[in-house]
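The values are calculated or read from the model by the stated rules, or taken from the named source; none is laboratory data. None of the values given here were measured: they were computed from a predicted structure. Cβ placement follows ideal geometry from the backbone for every residue including glycine, while neighbour counts extend to all protein chains displayed.
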């Protein structure tokens with residue numbers, strides 16, 4: 001991973017860990033679920049904005065510069081907060097390092113809000129781990145869902161033999 005010492009490098013880029021993580025944005029928060037761990041996460045609106053920018057493949061420095069302009073905040077303070085936030089996302093296995101050759105979407109122009117910058121946070125919930133890990137709905141392959149791990153998938157070109 002692109003780290004300097006124990007801190008993630010400002011030019012590091014990340015994307016959603018698409019294999020195991022699903023996320024949905026609502027008007028006032030983003031909820032993410034890590035299907036591999038059974039944990040789910042809540043990100044309030046300021047955190048959801050940072051999450052969206054990070055998972056769109058923007059570097060920590062780009063996200064920090066953008067949010068500093070939006071909130072009229074010190075860029076170094078914002079960059080430290082974004083680096084800490086991304087470290088939490090990495091530790092929770094919500095994001096992975098992006099392919100350096102993959103382009104990121106263009107950043108929207110910063111529109112000052114007049115609101116003070118609040119460091120983004122990740123609220124972690126583990127109360128439903130057992131239920132989420134037992135739920136077969138996320139065990140999907142190319143034939144559809146749900147596919148139980150202990151039953152081989154049917155050949156889609158042949159009807160089952162009832163003999």
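Structural remarks
- Test: residue in region 100-120 that is on the phi < 0 side of the Ramachandran plot and in a helix (DSSP H, G or I): no
- Of the residues making up region 40-62, those that are more than 19 Å from residue 117 (Cα to Cα) and touching a strand residue (DSSP E or B) at 6+ places or on another chain (Cβ under 6 Å) number 4.
- The number of residues in region 27-43 being touching a residue at least 60 places away in the same chain (Cβ under 8 Å), surrounded by fewer than 18 Cβ atoms within 10 Å (Cβ to Cβ) and farther than 18 Å from residue 54 by Cβ comes to 1.
- Some residue of region 57-67 being surrounded by 18 or more Cβ atoms within 10 Å (Cβ to Cβ), part of a strand (DSSP E or B) and within 14 Å of the chain's Cα centre (by Cα): no
- Selection status of residue 10, in a loop (DSSP other than H, G, I, E, B) and at pLDDT below 90: yes
- Residue check, residue 64 farther than 18 Å from residue 78 by Cα, touching a helix residue (DSSP H, G or I) at 6+ places or on another chain (Cβ under 9 Å) and in contact (Cβ under 8 Å) with a residue 24 or more places away in the chain: no
- Residues (in a helix (DSSP H, G or I) and either at positive phi or touching a strand residue (DSSP E or B) at 6+ places or on another chain (Cβ under 8 Å) (or both)) located in region 68-89: 83, 86, 87, 89
- Residue check, residue 21 in contact with a helix residue (DSSP H, G or I) (Cβ under 8 Å, 6 or more places away or on another chain) and buried (at least 17 other Cβ atoms within 10 Å of the Cβ): no
- Annotation for region 93-107: at least one member residue is surrounded by 11 or more Cβ atoms within 10 Å (Cβ to Cβ) and out of contact with any strand residue (DSSP E or B) (no Cβ under 7 Å at 6 or more places or on another chain).
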